[in-house]
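No lab work stands behind these numbers, since they all come straight from the coordinates. All values derive from a computational prediction rather than experimental measurement. No Cβ is skipped: glycine too gets one built from the backbone with ideal geometry, and neighbour counts run over all protein chains shown.
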Amino acid sequence: MLATAYTPKVKDGKKPVEGGKANVYDIQPQMWTYERTAEGGTQPYRAFVSIPGHLYGTFEKPNYRAILLRGIAWAGKRTNLDEFTKPEEISSLTYPEGGPQKPADTLVNLEIHPDFTLRLVAAEPLINKPMNFDWDPSGRLWVAETPEYPNGRRGMRPDYRGQEWKDHGGIDPTPGQQDRKAQDKISILTDTDGDGVMDKKEVFYEGLELVTGLVFYKDGVIVTQAPDILWLRDTDGDGKADKVQKLYTGLGTKDTHAVINNPRWGWDGWIYATHGYSASSEVKKREG
């Protein structure tokens, strides 16, 4: 599979609705390669498939012509895949110029308002899928990392089995992984040499599932992790959470893209958070 696209598939019962909008869960293959050796054959044959739509102007675009002509060369088992392309067609495939950039190099290509300064603070491989962060009084950066987003331990959706391009987020797409330990975490980043870039990481707590936010509270942090809101406490001051207290539970988890997130302290002493459409009327406060 080389490319996919969203396709409108809104239905009223079994009939498509006129003018239905694209659905992010209705992802259809648009470009792919196929290679197979026929029964009794000695060499595999190849096919390259592309579905560009009905706009014939697409064939005049240098980037699409490069893909199409290289696909034809690949299917024909040409040694030089660029045999049919022009230099300007090949160069149009390079974006950004020079290919993917290192985090520090991307700053050069960003246009910043003159009243602002933008500097790199942290990047992979020090952190992985940061979802939320905040600074403590000593200048350390606390980060909610969620490498398992958006599937967590659930694995792939049952109705998408065999259609990996539709739902493959997270570390392990295999179903039935709920018994293993979750891998999301709250990490503390430190700048040890004073250059403004974080270079040291200590894990405050690991074992969260689809964590979406944090706020500082007393000897730890309160984190949002639907269906729960947890208080992770460091009761002995060693920089590691040793007590997990569940404050609330029952928050909606129907769609992990739309759960409770971004908790913030309000001026009135309450903690506020946003919530997507995966709402719930069964939220309960946990005592103790």
For peptides 59-69, 204-214, 188-198, 251-261, sequence by mean Cβ density within 10 Å, most packed first = 204-214, 251-261, 59-69, 188-198
Given pairs Lys185/Lys246; Lys181/Lys240; Lys77/Lys129 and cut-off 28 Å on Cα-Cα distance, the over-length ones are Lys77/Lys129
Can you tell me the FRET efficiency between Ile51 and Ile72 if r is taken as the Cβ-Cβ distance and R0 is 22 Å, rounded to the nearest 0.05?
-> 0.90
Those residues of the stretch 240-270 whose amide nitrogen sits under 11 Å from the label point placed on Lys285, 7 Å along Cα→Cβ = 248
Whether the stretch 244-288 is rounded, prolate or oblate, judged on the alpha carbon gyration tensor where a/c under 1.5 counts as rounded | oblate
